[in-house]
1. Is it the case that ASP85 is surrounded by fewer than 16 Cβ atoms within 10 Å (Cβ to Cβ), over 27 Å from LEU160 (Cα atoms) and in contact with a helix residue (DSSP H, G or I) (Cβ under 8 Å, 6 or more places away or on another chain)?
2. Assess whether ARG65 counts as being at pLDDT 95 or above, in a helix (DSSP H, G or I) and in contact with a helix residue (DSSP H, G or I) (Cβ under 8 Å, 6 or more places away or on another chain).
3. Go through LEU59, LEU104 for me and flag whichever is over 25 Å from ALA189 (Cα atoms), assigned by TED's automatic domain parsing to the domain that holds ASN41, assigned to a helix (DSSP H, G or I) and not basic (Lys, Arg).
4. Among all residue pairs at least 6 apart or on different chains, which show Cβ distances below 7 Å where the first residue, located in region 164-191, is assigned by TED's automatic domain parsing to the domain that holds ALA138 and away from the ligand (no atom under 12 Å from the Cβ) and the second is among the charged types (D, E, K, R) and assigned to a loop (DSSP other than H, G, I, E, B)?
5. Just to check your reading of the model, which residue among LEU49, LEU59 is more than 22 Å from ALA141 (Cβ to Cβ), touching a helix residue (DSSP H, G or I) at 6+ places or on another chain (Cβ under 8 Å), surrounded by 12 or more Cβ atoms within 10 Å (Cβ to Cβ) and of a type outside the set (Val, Ile, Thr)?
Amino acid sequence: MDVYEALYTTRAMRRVTPDPIPLEVQERILDAAIRAPSGGNSQTWRFLLVDDRDVLARLAPIYQRCMDQVWNLVYADRLAAAHADPDDPENAQMLRVQRSAQHLADHFADYPLMLFSFAQGDPTGGSIHPSTWSAMLAARAEGVGSAWTVAFVFELDAVLEILGVPVEEGWIFSSCVTFGYPTGRWGVAPRRPVHEVSYRNHWGTPVGFEVPTPLWPR
Ligand SMILES: Cc1cc2nc3c(=O)[nH]c(=O)nc-3n(C[C@H](O)[C@H](O)[C@H](O)COP(=O)(O)O)c2cc1C
C-alpha cells in the first residue's frame, strides 16, 4: 500500500466484525510498531495484546464507566452546544464522533483484539506514541481497522490490576487500541485544512500556501 494512502485513510475504525485477527497479521503489526523511534532508542516500552474473552468482559464495564466520564467531564460543554445546534457542521461532526465512540464502549467486549501500550520514564509520551501510530498504520495496510483510546485513565488502577501490570517498575499506561476488520469503507480523514493550523517563522504568520482539499488521492 502507498504510504500516503495509509496516512490519509487510517481513521478511528470502531465498527468492526468479531472475526479474529490471525497471529501472522498480529506479528506484522507489532513488528512494524517496534520499528518506531524512541528517545535515545531506549525502547522502554511494553505491548500487551488482549484477545481473551474473559479479560475483555472484565474490562468492558470499566470502559463504559470511563466513557461516561469522558462525556460528562471532558466534552460536556461541546456536547451541550452540539445538541443545541446539531446542524452546524462542527457540531454534527462532534455528534458523529460521540455516536462512534459510544459504539466502541457499547461493544467493547466484542472486539477481537486490543493492544495496550506502556512506557517507562517517558513523561511526554514521545517515545511511545509513534509506535502506537505505527501499529495502526500497519494494521491499515493489513486491512485491519483500529481505534486509539485513552478513556481508561479514569479508572486505571482496576485496569492495571486485571492486566497484571507491574506498576512498581514504573510502567505507565499509554493507550488501548482496538483492532478489527471494518464493516464499512475506508475514507480520507476529514480535518481542518493545513493553512488554518500552520504558520511560518512566527506564530500567526501565514504558512505561505493553502490546501483547501486533501492532496491525496493525486
Ligand atoms: C490521544 C487520543 C486519545 C483518544 N481517546 C479516545 C477514546 O478514549 N475513545 C475513543 O473512542 N476514541 C478516542 N480517540 C480517537 C479520536 O476520537 C479520533 O482519533 C478522532 O475522532 C478522529 O477520528 P477519525 O480519524 O476517524 O476522523 C483518541 C485519539 C487520540 C489520538
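1. Answer is yes for this residue.
2. yes
3. Criteria check complete, one pass: LEU59.
4. Close Cβ pairs satisfying both conditions: TYR181/ASP19; THR183/ARG15.
5. LEU59
Residue-wise test of (1) assigned to a helix (DSSP H, G or I); (2) in contact with an Asp or Glu (Cβ under 6 Å, 6 or more places away or on another chain); (3) among the aromatic types (Phe, Trp, Tyr).
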residue: SER100; (1), (2), (3): yes, no, no
residue: GLY125; (1), (2), (3): no, no, no
residue: SER146; (1), (2), (3): no, no, no
residue: GLU161; (1), (2), (3): yes, no, no
residue: SER174; (1), (2), (3): no, no, no
residue: PHE179; (1), (2), (3): no, no, yes
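The values are calculated or read from the model by the stated rules, or taken from the named source; none is laboratory data. Note that the structure is predicted; figures quoted are calculated from it, not measured. All Cβ positions, even for glycine, are placed from backbone atoms using ideal geometry, and neighbour counts span all protein chains on display.
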